[in-house]
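Below is one structure; the comments refer to it alone.
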Amino acid sequence: MARYFNGKEVELLAPTGTFEIFKEVIHANCDAVYFGGPSLNMRMMRKGYNFSRLEIIEAIKQAHKLHKKVYVTVNNLLNEGEIEEARDYLRFLEQAGPDAIIVQDFAVLALIQEMNLKLPVHSSVMMNVHNREMITALGEMGVTRVVTSREMDLMTTRYLRETTGMELEYFIHGDMCSVHGANCYFSSLVFGMSSNRGKCLKPCRWDYRVKKDGYMYPSEFPLAVKDMFMYEHIPELIHGGVTSFKIEGRMRDTEFVLMLVNAYGDAIDRYIDDPIGFERSRDTRLLYDNRKRDFSTGYAFGRPGLSYINKRYEGTGKFYSTGKVFSTPTEERKLGEKRLGEIESYLLKAAERIGTGQQEGEGNHRNYRDGLNVQKRMGLSVHVNNAAQARAALEGGADHIYLSGDVFEPDRPFTKQEIEQLAEIKGEAKLYLGLPRMMTELHFEMYDGLLSGERLPIDGLLVTNLGAVHKFASKGYPLVGDINLNIFNHLSAEMYSKLGVERFTASLELPLHDFSKLLENAAVPLEAVVHGSPALMYMEHDLYENTEVFEPIAEENNHYVDNRILVLMTDKGENPVYRDVHGRCHLMLAKELCLLPVIKELQDAGLSVCRIEGATYQPEQLKSIVSVYRAAIEQPETAGDLFAGMTPVYAGYTLGALQFDGGSVGRPAAAEEEDCEAKPGQEQVLQRAGQLTSQ
């Protein structure tokens, strides 16, 4: 079955969470279905959902008899322990013969190439494809269709379809997210449950209060977006270059999915038959009365602003399938003495295995020291927001300075003059120009103009997306991969390495077990964030609009950051939100990440560079922090004493994702209610800190 309008294919793609649902939906008015198998997909949390291998085979047979297509989701990020499982599963899928698999992790592309499999590949929405360069690069890797970023408007889809020829898949109905795809780490760092591995507990749907300038504003659910609803805009989708109209809902029941499929299928058929006389709203009331939450057209026609936010019944469970909320506000876990010891032990064992070459998997992936001339001493990098911070980091002893591509207001983007001035004083340190996380076509033209002229006095680029790698690898500047490339395994790192990236920042989401295994197996230099307040959410949605539209309801100062900074507050803490020069918002940790006590163990385990996220510190604060880490790297035996002398700038210290063990289930570490917060004056923690390097 296939639909066409003036020679353009129009595919209605339906979700099926179980084989029983599939058997009903495949006979409905859709052209294709997608579902997950028994492993490696992002909907593994709900018991009884997903398909067995036998059900996959049978589903493909039944669909193909009806001349319909089947797409299987293999859209998780893979940890090191899942790579062999992925090899076996991909071999099975090749034999089963789906029309394509849907993929997030570049490791899957690497395995397909390695095993020479004949498996068509579609890129997942979690690849966050949002520009022409990304699509071109994916096409060169063999990808035949991309699921576009949720923030993409239909003018852009039309442009991308016309300039690349790539098939585009676009979400038309269902649950959406306020954060750019694969750029939300909140669930991981609070619960040890990775949103990029299908385990998100949705802190975006908590009941927050917005504070700024000493006032509180009436915005109870400022991150909780409405469901996508494009039923009345079939013409705009077809003429916007969209090939596949995707309905979200692999966790929905049969009756709900059938209602959506039949309503949208009928609308598409009616438009194809009579485009001028098309009645847009025939089933609008049916869909509205059976909605899971209120509706929006998302970013299809531009930034939706506050109209995108769902307030009615949010947090009550009224519109959710289970009748329950996902999670309740939870404090970021404090750095504890007990957990520090567990991390130390894990890293020591990893270092021992690296030293003896006893890595898991096929061959020894961890001998890059021999071939890549990696420095013996761990390097120190600092990500900065302005020139004053950059100078402070240099004075503190940083080896690498990253000039942010997403500069927070009120600072402005780095000028050529500032770059030249910093280059004159950097000495032996290296200076890198960072790129924005999300790059529009205009961004590419602007940076291409900057980098194509007279060579800048920089030592490299901090790249944030596949398109930037594809576009700028030939400019002659060394490339360093930023956090949001989401490097979870050595295969994805090596895939980027082949494209020209020389060093990679490990994913913020890696729990302890998976982080250790990545260190053991990576064949390229790795960097990790060890200190600061990294962005947990990166979003197009402008939270500052709440303070511009609504009148304040109370007065209250921020507790840890300047009142000029917007804060999302619950009874469990305050998360500052910074708006960058592109109008995007970055929600940060409430506490500071701090891995200073295990610097020696990180270095012994093979970490090449440790990074400080310095964009939110005052210059004098940043200089002090950088100096402490410089001293700890030079004399690791002093790390405990140095840690004992530090005082948190914000709400305390946390260990981030290393607080959780990970492995196959991403389970949290044992509860540490008895642990103290790591700050001077608390005897238990300080005693432990002083012992760390002497055991």
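The values are calculated or read from the model by the stated rules, or taken from the named source; none is laboratory data. In this text the structure is predicted, and so the values were computed from the model without any measurement. Positions of Cβ are generated from backbone atoms using ideal geometry, with glycine treated the same way; all protein chains shown enter the neighbour counts.
For this structure, a couple of remarks:
- Of all residues in the range 460-482, none satisfies being free of Cβ contacts under 8 Å to residues at least 40 places away in the same chain, assigned to a loop (DSSP other than H, G, I, E, B), more than 30 Å from residue 140 (Cα to Cα) and out of contact with any strand residue (DSSP E or B) (no Cβ under 8 Å at 6 or more places or on another chain).
- Scan of the range 327-341 for residues that are surrounded by 16 or more Cβ atoms within 10 Å (Cβ to Cβ), closer than 20 Å to residue 203 by Cβ and out of contact with any Phe, Trp or Tyr (no Cβ under 8 Å at 6 or more places or on another chain), ordered by number: 332, 333
- Among the residues of the range 22-50, not one is over 26 Å from the mean Cα position of the chain (by Cα) and without any contact (Cβ under 8 Å) to a residue 12 or more places away in the chain.
- The range 4-21, subset in contact with an Asp or Glu (Cβ under 6 Å, 6 or more places away or on another chain) and part of a strand (DSSP E or B), residue surrounded by the fewest Cβ atoms within 10 Å (Cβ to Cβ): 11
- Taking the listed residues 306, 260, the one that is aliphatic (A, V, I, L, M), closer than 22 Å to residue 548 by Cβ and part of a helix (DSSP H, G or I) is 306, with no other qualifying.
- The residues of the range 270-285 that are surrounded by fewer than 13 Cβ atoms within 10 Å (Cβ to Cβ) and either at pLDDT below 95 or within 27 Å of residue 252 (Cα to Cα) (or both), listed by number, are 281, 285.
Per-residue answers, yes or no, for (1) at pLDDT 95 or above; (2) over 21 Å from residue 343 (Cβ atoms); (3) buried (at least 22 other Cβ atoms within 10 Å of the Cβ); (4) not aliphatic (A, V, I, L, M):
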| site | (1), (2), (3), (4) |
| --- | --- |
| 583 | yes, yes, no, yes |
| 588 | yes, yes, yes, no |
| 591 | yes, no, yes, yes |
| 612 | yes, no, yes, no |
| 617 | yes, yes, yes, yes |
| 622 | yes, yes, yes, no |
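- When residue 86 is tested against (1) within 30 Å of residue 273 (Cβ to Cβ); (2) under 24 Å from the mean Cα position of the chain (by Cα); (3) small (Gly, Ala, Ser), exactly one condition is not met: (1).
- Residue 564 part of a strand (DSSP E or B), over 21 Å from residue 186 (Cα atoms) and at pLDDT 95 or above: no
- When residues of the range 653-674 are limited to those that are buried (at least 19 other Cβ atoms within 10 Å of the Cβ) and part of a loop (DSSP other than H, G, I, E, B), the one modelled with the highest pLDDT: 655
- Annotation note: of 54, 93, 77, the sole residue that is in a loop (DSSP other than H, G, I, E, B) and either without any contact (Cβ under 8 Å) to a residue 24 or more places away in the chain or farther than 30 Å from residue 236 by Cα (or both) is 77.
- Selected residue (criterion: surrounded by the most Cβ atoms within 10 Å (Cβ to Cβ)) from residues of the range 94-122 that are within 12 Å of residue 491 (Cβ to Cβ) and of a type outside the set (A, V, I, L, M): 105
- From 201, 223, residue being crowded, with 24+ Cβ neighbours inside 10 Å, touching a residue at least 60 places away in the same chain (Cβ under 8 Å) and either part of a loop (DSSP other than H, G, I, E, B) or β-branched (Val, Ile, Thr) (or both): 223
- Evaluation of residue 247 against (1) over 20 Å from residue 311 (Cα atoms); (2) surrounded by fewer than 21 Cβ atoms within 10 Å (Cβ to Cβ) (one fails), failing number: (2)
To keep it simple, each residue is scored yes or no on (1) closer than 23 Å to residue 203 by Cα; (2) basic (Lys, Arg); (3) surrounded by fewer than 18 Cβ atoms within 10 Å (Cβ to Cβ); (4) touching a strand residue (DSSP E or B) at 6+ places or on another chain (Cβ under 8 Å).
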{"site": "130", "(1), (2), (3), (4)": "no, no, no, yes"}
{"site": "137", "(1), (2), (3), (4)": "no, no, no, no"}
{"site": "143", "(1), (2), (3), (4)": "no, no, no, yes"}
{"site": "151", "(1), (2), (3), (4)": "yes, no, no, no"}
{"site": "158", "(1), (2), (3), (4)": "no, yes, yes, no"}
{"site": "164", "(1), (2), (3), (4)": "no, no, no, no"}
{"site": "169", "(1), (2), (3), (4)": "no, no, no, yes"}
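- Figure legend. Inter-residue proximity from the range 136-153: first residues more than 26 Å from residue 303 (Cα to Cα), second residues buried (at least 18 other Cβ atoms within 10 Å of the Cβ) and polar (S, T, N, Q), beta-carbon distance below 6 Å, spacing 6+ or different chains. Indicated pairs: 138/123; 143/123.
- Looking only at the range 432-460, residues that are touching a helix residue (DSSP H, G or I) at 6+ places or on another chain (Cβ under 6 Å), under 17 Å from residue 383 (Cα atoms) and either of a type in the set (A, V, I, L, M, F, W, C) or surrounded by fewer than 17 Cβ atoms within 10 Å (Cβ to Cβ) (or both) come to 1 in all.
- The criterion of being farther than 17 Å from residue 311 by Cβ, of a type in the set (D, E, K, R) and either over 17 Å from the mean Cα position of the chain (by Cα) or part of a strand (DSSP E or B) (or both) holds for residue 211.
- Qualifying residues in the range 375-386 (those that are outside any strand (DSSP E or B) and under 18 Å from residue 630 (Cα atoms)) - the one modelled with the highest pLDDT: 378
Condition check ((1) in a helix (DSSP H, G or I); (2) over 30 Å from residue 604 (Cβ atoms)) across all residues:
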position	(1), (2)
445	yes, yes
455	no, yes
484	yes, no
494	yes, no
504	no, no
529	no, no
536	no, no
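- Qualifying residue in the range 177-187 (condition: modelled with pLDDT of 95 or more, over 26 Å from residue 76 (Cβ atoms), of a type in the set (Ser, Thr, Tyr) and out of contact with any His (no Cβ under 9 Å at 6 or more places or on another chain)): no
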